[in-house]
Structure formats: C-alpha cells, structure tokens
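See below for the structure under consideration.
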Amino acid sequence: MAAGQLTLGANLPELYDQAVILFAYACLFLISLAAATVLPLQSEAALVGLLLVDYSPWLLLLTASVGNILGSTINWMLGRAIERLGSRSWFPATGAMLDRAQQWYRRYGRWSLLLSWVPVIGDPLTVVAGVLRESLPVFLLLVTIAKIGRYLVLIAATLWFY
C-alpha cells in the first residue's frame with residue numbers, strides 16, 4: 001500500500017497505517033484552516049511535504065482547500081461581527097491591515113477576493129468582505145476559485161519538479 005492510500009478490510013498493521021494517514025489528512029485540514037487566519041502557518045509546506053511522501057494529490061487538494069476555505073469563511077463571519085469584536089486583542093486583523101484591505105476592496109470590489117490566497121493581504125481581505133457585507137454565496141465562489149487554484153498550481157509544480 002502506497003503512503004496516503006486508504007483501503008477497506010485491513011488487518012491490524014494496516015489499520016495502524018490507515019490511522020496515521022487519516023491523522024496526516026486531519027492535520028493538513030487544521031493547518032489549512034488556521035493558515036487562512038492571520039496565524040503564521042504555512043499550509044503549502046504541509047501539503048508539499050505530504051505530496052512528496054506519496055499522499056494522494058486529489059485528497060490533499062480537497063483537504064487543504066476545504067480547510068482553507070472554511071478558515072476564510074470564519075474571517076468573513078468575524079468581519080460581519082466587527083462592530084462587537086474588532087477591539088478585542090484576539091481579533092485576527094489589526095486596524096492597519098483592515099484599512100489596507102478595505103482600500104483594495106473598495107478599489108477592486110469583490111474581485112479582490114481572487115487574491116485571498118496571497119500572504120499578508122489575503123486574510124484581511126476576507127475579513128473586509130464580511131465588514132462590507134459581501135454576500136456569502138459570492139464570497140464562497142470567489143474564495144473557492146482562489147484557494148483551489150493556488151493549491152492546484154502548487155501540486156502541479158511539485159509533481160512536475162519531483
């Protein structure tokens with residue numbers, strides 16, 4: 001059984017291997033979710049690492065994308081609640097970050113969400129989308145395109161060069 005491949009009807013050693021595989025996917029999901037906030041995490045490094053040890057590219061794409069999109073959606077929800085939560089120390093964006101993101105968002109509109117994958121500006125853009133009351137369906141569509149596109153390019157480049 002190759003690393004990253006799940007099978008049914010396994011014996012005890014195979015069950016252990018499958019538990020490790022599931023744990024790796026769960027960790028990638030959590031890292032991807034947290035990385036979509038302003039926490040200094042790199043979901044790309046985790047994804048490439050798992051890809052290089054023969055985990056399924058499609059399952060990695062799905063896992064990382066769902067986690068990252070969910071993290072961005074949490075940012076959007078925080079943006080919707082900024083009046084009540086924005087002054088709290090744990091809030092995931094500083095005033096300066098939000099100001100810069102609002103300038104981008106006001107200048108380029110909802111299309112700026114296609115940059116939600118970009119480090120430094122992407123996370124605040126998702127908060128600002130909530131602050132400025134972007135509709136959830138439009139938000140999810142644009143963020144999904146951006147996040148999946150970024151991971152597809154990363155996976156293709158990794159497989160091409162390795």
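The values are calculated or read from the model by the stated rules, or taken from the named source; none is laboratory data. Note that the structure is predicted; figures quoted are calculated from it, not measured. Cβ: placed from backbone, ideal geometry, glycine included. Neighbour counts: every protein chain shown.
Residues in segment 117-137 that are more than 11 Å from GLY79 (Cα to Cα), touching a Phe, Trp or Tyr at 6+ places or on another chain (Cβ under 8 Å) and at pLDDT below 90: ILE121 only.
Cβ-Cβ distances below 6 Å connect the following pairs, each with a first residue in segment 63-85 that is under 11 Å from LEU140 (Cα atoms) and modelled with pLDDT of 90 or more, a second residue that is part of a helix (DSSP H, G or I) and not hydrophobic (A, V, I, L, M, F, W, C), and a separation of six or more residues or different chains: ILE69/THR144; ILE69/LYS147; SER72/THR126; TRP76/THR126; TRP76/GLY130. Right, GLY109: in a helix (DSSP H, G or I) and either hydrophobic (A, V, I, L, M, F, W, C) or out of contact with any Phe, Trp or Tyr (no Cβ under 7 Å at 6 or more places or on another chain) (or both) or not? Here the answer is yes, as GLY109 does meet what is asked. Can you tell which of LEU6, LEU30, LEU12 is at pLDDT below 80 and surrounded by 11 or more Cβ atoms within 10 Å (Cβ to Cβ)? Exactly one of LEU6, LEU30, LEU12 is at pLDDT below 80 and surrounded by 11 or more Cβ atoms within 10 Å (Cβ to Cβ), namely LEU6. Would a scan of segment 39-61 turn up a residue that is among the hydroxyl-bearing types (Ser, Thr, Tyr) and either surrounded by fewer than 15 Cβ atoms within 10 Å (Cβ to Cβ) or farther than 30 Å from ALA157 by Cα (or both)? No, that holds for no residue. Restricting attention to segment 112-149, the residues being in a loop (DSSP other than H, G, I, E, B), under 13 Å from the mean Cα position of the chain (by Cα) and touching a residue at least 24 places away in the same chain (Cβ under 8 Å) number 2. Taking the criterion of being within 11 Å of ALA24 (Cβ to Cβ) and part of a helix (DSSP H, G or I), the residues of segment 52-67 that qualify are LEU59, LEU60, THR63.
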